[in-house]
């Protein structure tokens, strides 16, 4: 069974106190996500880390302050997760740089998961999803998984948003509309 843990945007700009779009809620989920990544790597599962990636003139900056500029400190995976990636685990880890809310938009994620028509990889059997923000990048990535009929589990203790009302709404939409298992 091919199971993949997708960790959405656990980057300095979203998590570290001095990050451009950080929130206390994002910091609270770090220990849970760290444990999930460790478990996945120990059991031989794969881990995909998405990295929100922008250039200085990105259109998204009309909606949100500049963040996750490519090759900046804010763009980096948080140290608590970065230290879990080693030579021993490198073949289980895949990084996806994305410039929009969905981790599928103009990336190689569909091919990596074995979901593209011409993919040579075994199709993923199950995806587990954690990260930030529940109602933005997590939601739109989960929606893409649901549209591809991929059994998906979202860990409520592993997702967060700066907007608690939107966080709760997104989890309910994942559960009731997308058919995602929210545990």
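What to note about this one:
- For residue 142: the one exception among (1) touching a strand residue (DSSP E or B) at 6+ places or on another chain (Cβ under 7 Å); (2) surrounded by fewer than 19 Cβ atoms within 10 Å (Cβ to Cβ): (2)
- Of all residues in the range 111-134 being touching a residue at least 24 places away in the same chain (Cβ under 8 Å) and out of contact with any strand residue (DSSP E or B) (no Cβ under 9 Å at 6 or more places or on another chain), the one that is farthest from residue 163 (Cα to Cα): 122
- Annotation: of all residues in the range 32-78 being touching a helix residue (DSSP H, G or I) at 6+ places or on another chain (Cβ under 8 Å) and in a helix (DSSP H, G or I), the one that is surrounded by the fewest Cβ atoms within 10 Å (Cβ to Cβ) is 73.
- Looking across the range 86-106, just one residue is modelled with pLDDT under 95 and either closer than 28 Å to residue 56 by Cβ or surrounded by 12 or more Cβ atoms within 10 Å (Cβ to Cβ) (or both), and that is 89.
- When residue 21 is tested against the conditions (1) exposed (fewer than 15 other Cβ atoms within 10 Å of the Cβ); (2) under 17 Å from the mean Cα position of the chain (by Cα); (3) closer than 16 Å to residue 161 by Cα, the lone failure is (1).
- For the range 1-17, the candidate set comprises residues that are more than 12 Å from residue 67 (Cβ to Cβ) and in contact with a helix residue (DSSP H, G or I) (Cβ under 9 Å, 6 or more places away or on another chain); within that set, the residue that is surrounded by the fewest Cβ atoms within 10 Å (Cβ to Cβ) is 17.
The values are calculated or read from the model by the stated rules, or taken from the named source; none is laboratory data. All values derive from a computational prediction rather than experimental measurement. We place every Cβ from the backbone using ideal geometry, glycine too, and count neighbours over all the protein chains shown.
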